[in-house]
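The values are calculated or read from the model by the stated rules, or taken from the named source; none is laboratory data. These numbers come from a predicted model, not from an experiment. Positions of Cβ are backbone-derived with ideal geometry, glycine not excepted, and every protein chain shown enters the neighbour counts. With ligands, DNA and RNA removed, areas are computed over all heavy atoms of the protein, side chains included. Shrake-Rupley method; radii C 1.70, N 1.55, O 1.52, S 1.80 Å.
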Amino acid sequence: MTAAKDPMDPLQPESAVSFADALRRALAQERPAEDWLIPLLACADADAPALLSAADRVRRDMLGDAVHLRALIEFSNICRRNCRYCGLRRGNGALDRYRLPPERIVEIARLAASLGYRTLVMQSGEDLWYDAGRLADIIRAIKAETDLAITLSVGERDRETYRLWREAGADRCLLRIETTDPGLFAALHPDDNLAERMACLVALRDLGYQLGTGVMVGLPGQTVRMLAHDVIWMHDLGAEMIGVGPFIPHPKTPLAAAAGGTVAQTLRLVAVLRLVFPWAHLPATTAVGTLDPQGRERALEAGANVVMPNVTPAEFRPQYEIYPNKICTGEEAAECRACLAMRLRLIGREIATDHGHVRRVAERMK
Ligand code: SAH
Ligand code: SF4
């Protein structure tokens with residue numbers, strides 16, 4: 001590498017470690033370190049197939065061919081925050097807002113269970129109308145009527161609220177750290193604080209939730225070095241589920257003119273995560289499927305083992321516009337399930353029939 005290369009340039013990071021050595025160290029399960037993460041995350045196009053297929057092999061050896069389907073209900077697009085990348089941000093006055101009543105959420109949970117799903121992911125903006133007690137009641141009702149595992153993805157709340165929801169029966173929680181770089185986090189979150197978000201994740205872990213986090217790829221100003229630090233931080237945290245997707249600029253946000261992330265960079269990160277976290281649940285995200293019609297399949301062949309089909313009523317889907325051109329906004333729940341089953345068959349994968357708990361919990365339940 002020549003001296004002219006800038007180590008902070010995402011396309012030309014400097015590292016003394018060759019791609020081959022980096023891959024060897026990853027496969028040897030070395031503790032994640034910047035010096036070998038960077039050559040993998042920034043590998044040349046010619047090296048990418050070796051990285052992606054190594055991750056695919058690790059996924060198959062550790063977890064088999066079964067893909068866990070998590071039914072996703074987007075139950076409110078009302079949000080108190082103003083994250084600069086997100087179409088649901090409070091400042092986007094051009095969006096029609098909706099909020100599903102508790103009975104409707106429980107009804108959709110029943111539908112998800114009847115379609116054969118084993119997990120319901122309840123996602124929303126940070127909508128405080130669903131206060132601790134109200135969401136706990138919904139969780140309890142779903143748990144009483146179905147055998148679904150419940151994953152929450154509702155943003156930041158205080159520890160006591162998370163505790164109540166865990167007690168009510170919530171099994172898992174997803175809260176992406178988005179980036180661990182303090183400057184980038186602050187630039188993206190006018191009303192949020194990196195230390196607080198990290199504290200939420202630690203609280204969720206200590207409360208016994210199966211712990212999910214993740215980052216966006218291609219945020220303005222983000223470098224491969226930052227992504228390497230994200231991987232190390234998530235490893236230290238003990239993340240058990242990690243969702244990563246490309247940042248897709250939304251026209252009604254301050255980042256409308258940003259370049260956004262790429263499928264290629266996202267796949268490299270998915271593959272690195274599989275090598276660093278052989279047992280983790282890694283979704284092939286809707287965002288990667290939005291940039292490339294085969295994006296989810298490509299992620300599933302680069303280490304991912306989870307897909308999150310939508311069960312939000314079709315009438316509300318277009319309004320849950322976190323980013324533009326989101327896929328699967330026209331279908332009803334049953335159609336999404338059938339489409340996914342067919343897509344998985346085409347790449348030789350099957351649908352898991354168990355709950356798909358993280359390893360630690362699945363082993364305890366044996
Ligand atoms: N309000 C909750 C859950 C909904 S947002 C929360 O913020 O945790 C879910 C995820 O969507 C976020 O974590 C973020 O990583 C992702 N997201 C937001 N805006 C996006 C964009 N423009 N492109 C891609 N992903 C985006
Ligand atoms: Fe709200 Fe989540 Fe979007 Fe931030 S990312 S504006 S918290 S919905």
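Kindly indicate whether L275 is more than 15 Å from ligand 1 (Cβ to nearest atom), in a helix (DSSP H, G or I) and either under 24 Å from A109 (Cα atoms) or open to solvent by less than 30 Å² (accessible area, probe 1.4 Å) (or both).
Answer is yes for this residue.
Filter the stretch 166-183 down to the residues that are away from ligand 2 (no atom under 16 Å from the Cβ) and in contact with a strand residue (DSSP E or B) (Cβ under 7 Å, 6 or more places away or on another chain) and list them by number.
Scanning the stretch 166-183 gives G169, A170, D171, R172.
Quick one: in the stretch 204-222, which of the residues that are assigned to a helix (DSSP H, G or I) and in contact (Cβ under 8 Å) with a residue 24 or more places away in the chain is surrounded by the fewest Cβ atoms within 10 Å (Cβ to Cβ)?
The residue in question is R205.
Please tell me if D158 is within 30 Å of L219 (Cα to Cα), within 16 Å of ligand 1 (Cβ to nearest atom), surrounded by fewer than 17 Cβ atoms within 10 Å (Cβ to Cβ) and not basic (K, R).
So D158 fits the description; yes.
Considering each of L128, L184, L111 in turn, give the residue that is hydrophobic (A, V, I, L, M, F, W, C), open to solvent by 20 Å² or more (accessible area, probe 1.4 Å) and outside any loop (DSSP other than H, G, I, E, B).
Answer to the selection: L111.
Inside the stretch 85-108, can you point out the residues that are outside any loop (DSSP other than H, G, I, E, B) and away from ligand 1 (no atom under 16 Å from the Cβ)?
Across the stretch 85-108, the qualifying residues are P102, E103, R104, V106, E107, I108.
Which of the residues that make up the stretch 223-257 are within 13 Å of ligand 1 (Cβ to nearest atom), without any contact (Cβ under 8 Å) to a residue 60 or more places away in the chain, open to solvent by less than 30 Å² (accessible area, probe 1.4 Å) and not in a helix (DSSP H, G or I)?
Those that are within 13 Å of ligand 1 (Cβ to nearest atom), without any contact (Cβ under 8 Å) to a residue 60 or more places away in the chain, open to solvent by less than 30 Å² (accessible area, probe 1.4 Å) and not in a helix (DSSP H, G or I): I242, V244, G245, P246.
I want to confirm something. Restricting to the stretch 321-348 and keeping residues that are aliphatic (A, V, I, L, M) and assigned to a loop (DSSP other than H, G, I, E, B), which single residue is surrounded by the fewest Cβ atoms within 10 Å (Cβ to Cβ)?
I347
Out of D21, D47, report the one residue that is more than 22 Å from the chain's Cα centre (by Cα) and closer than 16 Å to A302 by Cβ.
Unique residue meeting the criteria: D47.
Quick check: anything in the stretch 31-52 outside any helix (DSSP H, G or I), in contact with a helix residue (DSSP H, G or I) (Cβ under 8 Å, 6 or more places away or on another chain), open to solvent by 10 Å² or more (accessible area, probe 1.4 Å) and within 30 Å of A149 (Cβ to Cβ)?
yes
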